[in-house]
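For reference, the structure is listed below as structure tokens.
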Amino acid sequence: MNSEISIETVDTHTGGEPTRIVVGGLDESTFAGDSVREQRDAFAETHDWIRRLLMKEPRGHDNMFGAVLVEPRRDDADVGVFFMDSEGYLDMCGHGTIGVVSALVELGRLPALDSVQVETPAGLVEAAPKYSEGGVETAYSEGGVEGVTIQNVQSFVYDETTVSVSAADSPIHVDIVYSGNFFALVDSEQLGLPVTTEYTSDFVERGLEIRAAVNDKLDITNPLTGESGAVSISEIYETNPDVDRSVVVFGDGQVDRSPCGTGTCAKMTLLHHEGLLEVGEPYPHESIVGTRFEGRLVDVKERDGVTLTTPTITGTARITGKHTFVKDPKDSITGFSV
Ligand code: PYC
């Protein structure tokens, strides 16, 4: 068969959320840059049709998520990776990083290190795989990776605002938090909806509305980098006596099946800001489908008037398949949504 491409992927899910990881078939010299961020921007400029091909129908679906493995540019990094979704690209992804590190170690493509340094568009993230034999934590095990703990980039509460959304009688309160991506966090009580899958389509509508309203209202500048930014993800959360739950909406209206790694970091950063979470305190966090991450803040410090948290999350990813994606030159369909 004649094909314009031959792209190798390893697919994983982390707490139910997919990551289609591109591990071969792309010529990196065609999207060059001095950092993974620059490589991602070059890819977006010239190879966005590959994102659409892999993320959208008929090869993907509206809730597909992807990661592209690249040579890191930083000397202190072991792996470089950038992330993509149904709409575009995210600077950082927790579930995706857990998926990438688990898959690479499981497949023997990365030595079984205690700690893997991952260069992402948001900065350097540390990933620590955990192994176990018979339920007991061990050093490297043939049995494979049991979980991965990610130490995310430093995170902070950026601002708060109010926006009007169609289903609420009065404007709702939104907290804006950075944790590798800018999040709009909203208490689900304000929308009068419990975080259950019965209301998924309502959450998608509200989540997209909230993101658009905040981005219309605020000009966001990251105080650490001076770069302008925008909210890319809405997180609608429910506070419970046993375990907090959230529904996370991003991309073209996709819903994270995992508790969202960067979303868990954003929520912990907000809770610390409100005096409700101490450094070192475990924070279990549940997704709308009931899967969990265990979060923890490991440090808090002030820099230039900004309170910076260092969040960690632990989750488990499993490999679901390996693919070779092709595109017949006679095939005019390269990715669509319905
Ligand atoms: O796990 O950080 C995450 C994430 C972002 C978007 C989807 N998942």
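Laboratory data are not the source of any read-out in this text; all were calculated from the coordinates shown. Remember, it's a predicted structure, so these values are computed and weren't measured experimentally. Cβ sites come from the backbone with ideal geometry, for glycine too, and all protein chains shown count toward neighbours.
Just a few scattered comments:
- Spatially proximal aspartates and glutamates relative to Lys130 (Cα-Cα < 13 Å; intrachain offsets below 8 disregarded): Glu106, Asp114, Glu142, Glu146
- Karplus-based coupling profile of segment 294-308, in residue order and whole Hz: 10, x, 6, 8, 9, 6, 9, 8, 9, 9, 6, x, 10, 8, 9, with θ = phi - 60° in 6.51 cos²θ - 1.76 cosθ + 1.60 and x standing for Gly or Pro.
- Ordered by the number of other Cβ atoms lying within 10 Å of each residue's own Cβ, fewest first, Ser332, Ser188, Ser35 fall into the sequence Ser332, Ser35, Ser188.
- Segment 23-43 and segment 227-247 have Cα centres spaced 30 Å apart.
- Fewest-first sequence of Ile150, Ile220, Ile5, Ile288 by Cβ atoms within 10 Å of each Cβ: Ile5, Ile220, Ile288, Ile150
- Top positive-direction residue, dipole computed over segment 156-314 with Cβ charges, set Thr264, Thr312, Ser232: Thr312
- Cβ-Cβ FRET estimate between Asp187 and Asp331, R0 fixed at 41 Å, reported to 0.05: 0.35
- In plain terms, the chain from Val279 to Lys322 could stretch by 11.5 nm, reckoned as 0.36 nm per residue minus the Cα-Cα distance.
- For segment 156-314: span of alpha carbons on each principal axis (Å, largest first): 39, 36, 26
- Each part reduced to its alpha carbon centroid, segment 118-196 and segment 258-276 end up 6 Å apart.
- Normalised convex hull volume, the chain, alpha-carbon set, Å³ per residue: 147
- Relative exposure of Lys267, Lys301, judged by other C-beta atoms within 10 Å (fewest first): Lys301, Lys267
- Spin-label pair Asp252-Ser6: with each label point 7 Å from Cα along the Cα-Cβ axis, the two points sit 2.9 nm from one another.
- Max mean-square fluctuation residue, GNM over the chain, Cα-Cα springs under 10 Å, options Glu189, Glu87, Glu235: Glu189
- If you take all other residues with their beta carbon under 12 Å from the beta carbon of Gly192, and give Lys and Arg +1 and Asp and Glu -1, the sum is -4.
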